[in-house]
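Beneath this line is the structure, given in structure tokens, with notes to follow.
The values are calculated or read from the model by the stated rules, or taken from the named source; none is laboratory data. Predicted model, so just to flag it, every value in this text is computed and none were measured. Cβ placement follows ideal geometry from the backbone for every residue including glycine, while neighbour counts extend to all protein chains displayed. Note: areas computed on protein heavy atoms with side chains; ligands, DNA, RNA excluded. Shrake-Rupley method; radii C 1.70, N 1.55, O 1.52, S 1.80 Å.
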Amino acid sequence: MAQYDVLIVGAGHGGAQAAVALRQNKFEGTIAIVGDEPELPYERPPLSKEYFSGDKSFDRILIRPASFWADRKIDMLLGKRVATVDPVAHQVTLSDGSTLSYGKMIWATGGAPRRLSCSGHDLAGVHGVRTREDADRMLAEMDRTTNVVVIGGGYIGLEAAAVLSKFGKKVTVLEALDRVLARVAGEALSRFYEAEHRAHGVDVQLGAKVDCIVGEGRVNGVRMDDGTIIPADMVIVGIGIIPAVEPLIAAGAAGGNGVDVDEFCRTSLADIYAIGDCAMHANGFADGARIRLESVQNANDQATTAAKHILGIGEAYHAVPWFWSNQYDLRLQTMGLSMGYDETVVRGDPANRSFSVVYLKNGRVLALDCVNAVKDYVQGKALVVGGIAPDKAALADPETPLKSLLPA
């Protein structure tokens, strides 16, 4: 049985960064990364953006080249999945029946795309967007695809819609709520993106309730609850993820919607850490609420926290959340978490396609959504970190630099 001082389960951003951080901080023990895909660790966000559009080859989205992992003696156990965890014996059993033992384990598995529960969800041509294989499968179908229906008006769905409309496809976005991005952004940003997609020929339907997917073996349409059928050669489902934590929960780890971790990313099981999309943690930028954060920033920063704790460097996780999204020629950058806001201030004119939405609670800045407004994004971080309560008129004036609103 192979033995590792640190076993990392999951070969995404968090798993890769955990291994990098261990070696950067002079860890000399043995390390292995178990990944359920055959690929070396690669960046996920470009799957629905630059990789999908053909602007970046797969080699260009690798987190590190193969030589990096070999040079640092990090074993890559790819195309393998952890089926069970024995936290007492410090062992895992893989899907092929083999076992590995560990001193410490970092669980960085992310999640699987949430699937539709209606009939037809398993027809050919119905896709999630989570892996290279998902993206390649969709790209292989492009030549025979005219009509695409995207279910879910979150970032993944809108990014895919933007690329597909550039490909000249007839795209329909179905969002069950009354606006896109409803769970992550304020109304000003939602309405801006709805208008942008419509201007690019995308049919954005709000309050849209799907009844089922129709087709014989392969999708040919989406039936709505009013009986209308929208033609579809391809359906892309972007309705969130289900955190991949079943083996940990089965082994007795505390959790449910993800696995619970403390400020050092420790689970309730001895010597097991969890990081990234699947880690439920108390976040200081969400008023201490316990949340899962699905972002590259969170995965990387929690990976560093866990790695340092293993090395005896006890630095609690307290990183400012940030996100980004590329759609058409729009670069959206978000700083902070807007959940719980009670007021918004718009800086600049959305009609100029460069503006920011600032989210406040009790007058203090919680977060910013910056569209083609890099200066606001960079300077706004200090307002979020400091919980600054700026003058509203100055905040709304795009000619006033945000850094000038900081206390002297």
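Since Val129 meets every condition but one in (1) in a strand (DSSP E or B); (2) modelled with pLDDT under 95; (3) buried (at least 17 other Cβ atoms within 10 Å of the Cβ), which condition does it not meet?
(1)
For the range 57-85, how many residues meet the condition of being part of a loop (DSSP other than H, G, I, E, B) and over 19 Å from the mean Cα position of the chain (by Cα)? Spell out how you get there, then give the answer.
Restricting attention to the range 57-85, the residues satisfying the condition of being part of a loop (DSSP other than H, G, I, E, B) are 57, 63-65, 72-73, 79-81.
If we keep only those that are over 19 Å from the mean Cα position of the chain (by Cα) as well, we get 57, 64-65, 72-73, 79-81.
Residues in the range 57-85 being part of a loop (DSSP other than H, G, I, E, B) and over 19 Å from the mean Cα position of the chain (by Cα): 8 in total.
Can you run down the residue pairs with Cβ atoms below 9 Å, 6 or more apart or on separate chains, where the first is in the range 173-187 and more than 28 Å from Ala232 (Cα to Cα) and the partner is not in a strand (DSSP E or B)?
Close Cβ pairs satisfying both conditions: Ala185/Arg179; Ala185/Tyr193; Ala185/Ser338; Gly186/Ser338; Gly186/Tyr341; Glu187/Arg179.
For the condition at negative phi, modelled with pLDDT of 95 or more, hydrophobic (A, V, I, L, M, F, W, C) and within 22 Å of the chain's Cα centre (by Cα), what is the one hit in Val259, Val345? Step through it out loud before you land on a result.
Numbers: Val345 fails: within 22 Å of the chain's Cα centre (by Cα).
Just one listed residue meets the conditions, Val259.
Working carefully through the options Gly340, Gly380, Gly336, find the one that is at pLDDT 95 or above and at positive phi. Before you say what the answer is, go through the steps one by one.
On the way: Gly340 fails: at pLDDT 95 or above; Gly380 fails: at positive phi.
Of Gly340, Gly380, Gly336, the one residue that is at pLDDT 95 or above and at positive phi is Gly336.
Looking only at strands (runs of 3 or more DSSP E) that lie completely in the range 256-321, which have at least 3 residues being surrounded by fewer than 17 Cβ atoms within 10 Å (Cβ to Cβ) and of a type in the set (Gly, Ala, Ser)? Let's see the steps before the verdict.
Working: elements: 258-260, 272-274, 279-282.
Answer list for the range 256-321: none.
Can you tell me which residues in the range 337-382 are in contact (Cβ under 8 Å) with a residue 40 or more places away in the chain, of a type in the set (D, E, K, R) and either open to solvent by less than 40 Å² (accessible area, probe 1.4 Å) or closer than 22 Å to Arg183 by Cβ (or both)?
Selection gives Arg347, Asp369.
Looking at (1) more than 26 Å from Ser356 (Cα to Cα); (2) over 19 Å from the mean Cα position of the chain (by Cα); (3) open to solvent by less than 60 Å² (accessible area, probe 1.4 Å); (4) of a type in the set (A, V, I, L, M), which is the only condition Ile241 fails?
The number of the failed condition is (2).
Would you pick out the residues in the range 3-44 that are basic (Lys, Arg) and touching a helix residue (DSSP H, G or I) at 6+ places or on another chain (Cβ under 8 Å)?
Taking the range 3-44 as the starting set, the residues that turn out to be basic (Lys, Arg) are 23, 26, 44.
Residue satisfying the conditions is Arg44 alone.
Within the range 373-397, work out how many residues are assigned to a helix (DSSP H, G or I) and under 13 Å from Val345 (Cβ atoms).
Filtering the range 373-397 for residues assigned to a helix (DSSP H, G or I) gives 374-386, 392-396.
Going one step further and asking which of them are under 13 Å from Val345 (Cβ atoms), we end up with 376, 380, 383, 392-396.
Total satisfying the criteria: 8.
Mind listing whichever residues of the range 44-56 are touching a Lys or Arg at 6+ places or on another chain (Cβ under 9 Å) and either in a loop (DSSP other than H, G, I, E, B) or surrounded by fewer than 17 Cβ atoms within 10 Å (Cβ to Cβ) (or both)? Lay out the reasoning, then the answer.
We begin by selecting, within the range 44-56, every residue touching a Lys or Arg at 6+ places or on another chain (Cβ under 9 Å); these are 44, 46-47, 49-51, 53, 55-56.
Answer for the range 44-56, where residues must be touching a Lys or Arg at 6+ places or on another chain (Cβ under 9 Å) and either in a loop (DSSP other than H, G, I, E, B) or surrounded by fewer than 17 Cβ atoms within 10 Å (Cβ to Cβ) (or both): Arg44, Lys49, Asp55, Lys56.
Can you tell me how many residues in the range 86-97 are open to solvent by 50 Å² or more (accessible area, probe 1.4 Å) and part of a strand (DSSP E or B)?
2
For the range 200-221, how many residues are over 16 Å from Ala160 (Cα atoms) and either assigned to a loop (DSSP other than H, G, I, E, B) or aliphatic (A, V, I, L, M) (or both)?
The initial filter retains those residues of the range 200-221 that are over 16 Å from Ala160 (Cα atoms), namely 206-221.
Subset that is either assigned to a loop (DSSP other than H, G, I, E, B) or aliphatic (A, V, I, L, M) (or both): 206-210, 213-214, 217, 219.
Count: 9.
For the range 322-343, name all the residues that are in a loop (DSSP other than H, G, I, E, B) and more than 20 Å from Arg364 (Cα to Cα). Steps first, answer last, please.
We begin by selecting, within the range 322-343, every residue in a loop (DSSP other than H, G, I, E, B); these are 328-329, 337-342.
Of everything in the range 322-343, those that are in a loop (DSSP other than H, G, I, E, B) and more than 20 Å from Arg364 (Cα to Cα) turn out to be Tyr328, Asp329.
State whether one or more residues within the range 183-197 are part of a loop (DSSP other than H, G, I, E, B), surrounded by 14 or more Cβ atoms within 10 Å (Cβ to Cβ) and in contact with an Asp or Glu (Cβ under 7 Å, 6 or more places away or on another chain). Can you show your working first?
If we filter the range 183-197 for residues that are part of a loop (DSSP other than H, G, I, E, B), which is where we start, we get 183-186.
Then drop every residue that is not surrounded by 14 or more Cβ atoms within 10 Å (Cβ to Cβ), which leaves 184-186.
Adding the requirement that they be in contact with an Asp or Glu (Cβ under 7 Å, 6 or more places away or on another chain) leaves 185.
The answer is yes, given that some residue of the range 183-197 is part of a loop (DSSP other than H, G, I, E, B), surrounded by 14 or more Cβ atoms within 10 Å (Cβ to Cβ) and in contact with an Asp or Glu (Cβ under 7 Å, 6 or more places away or on another chain).
Condition (residue is open to solvent by 20 Å² or more (accessible area, probe 1.4 Å), in a loop (DSSP other than H, G, I, E, B) and of a type in the set (Asp, Glu)) applied to the range 163-182: is it met by at least one residue? Steps first, please.
Step one: list which residues in the range 163-182 are open to solvent by 20 Å² or more (accessible area, probe 1.4 Å), which gives 165-170, 176-179, 182.
This time we only want the ones that are in a loop (DSSP other than H, G, I, E, B), so: 167-169, 176-179, 182.
Now drop any that are not of a type in the set (Asp, Glu), which leaves 178.
Looking for residues that are open to solvent by 20 Å² or more (accessible area, probe 1.4 Å), in a loop (DSSP other than H, G, I, E, B) and of a type in the set (Asp, Glu), one finds at least one in the range 163-182, hence yes.
Return the residue satisfying two criteria in turn: it lies in the range 98-126 and is over 15 Å from Asp36 (Cβ atoms) and in contact with a Leu (Cβ under 7 Å, 6 or more places away or on another chain), and of such residues it is surrounded by the most Cβ atoms within 10 Å (Cβ to Cβ). Talk me through it step by step, then tell me what you get.
Taking the range 98-126 as the starting set, the residues that turn out to be over 15 Å from Asp36 (Cβ atoms) are 99, 101-106, 114-126.
If we keep only those that are in contact with a Leu (Cβ under 7 Å, 6 or more places away or on another chain) too, we end up with 102, 105.
Details: Tyr102: 23, Met105: 29.
Looking at the filtered set, the residue picked out is Met105.
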